[in-house]
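The values are calculated or read from the model by the stated rules, or taken from the named source; none is laboratory data. Worth saying up front: this structure is predicted, and the values here are computed from it rather than measured. Positions of Cβ are generated from backbone atoms using ideal geometry, with glycine treated the same way; all protein chains shown enter the neighbour counts.
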């Protein structure tokens, strides 16, 4: 015979362990609310971080196009080239913001033609071939030396002289942009090595000394 317990007869120990389904459901719902809110906040935070990253990447890309493209009026370059016992070519090229970009022998480089001209597309190619940047020069220094460079644009130039053998050439130069032709014109400041040549303008020495400090 089954005994039916009256609620008044249920021992207190048993009462304390009895949890009805309604109680459990209410407890589960109450506990889930803060977890759901926490997950929501985490998702919002992740979305904000992703949006910030996309903005940063987009900003960098636009900046690169602006400074490497065909609008930079003047570009400085220092390079070393040697074909003896294997090809070697390294140095840096400075964009219109004063940021030097470093290149190494592995860079797929496009050199100016025999008259010193380089298309805007080839200049962009050369910037893209660089693998890192050096310390950016101040806007004041960039403006100062850009002004000095323009006084050297038309030389005069010394005659090329053979001075060494298998030493390669160290060249300090800058490029001016010709918008109508969408090309750059290289202006030699100083060449030293297998052959030597100097720009004889008054500000050449200051420019070469300054360019040698950029590392």
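What number of residues within region 160-200 satisfy the criterion of being under 26 Å from residue 119 (Cβ atoms) and either under 32 Å from the mean Cα position of the chain (by Cα) or at pLDDT 95 or above (or both)?
The number of residues fulfilling the criteria is 26.
Go through region 184-215 and give me each residue that's in contact (Cβ under 8 Å) with a residue 60 or more places away in the chain, buried (at least 20 other Cβ atoms within 10 Å of the Cβ) and assigned to a strand (DSSP E or B). Hits for region 184-215 are 184, 187. For first residues located in region 120-136 and assigned by TED's automatic domain parsing to the domain that holds residue 101 and in contact (Cβ under 8 Å) with a residue 12 or more places away in the chain, partners that are part of a helix (DSSP H, G or I) and crowded, with 16+ Cβ neighbours inside 10 Å and lie 6+ apart or on another chain with Cβ distances below 7 Å form the pairs 124/68; 127/68. No other residue among 180, 165, 149 is over 24 Å from residue 215 (Cβ atoms), in contact (Cβ under 8 Å) with a residue 12 or more places away in the chain and not in a strand (DSSP E or B) apart from 165.
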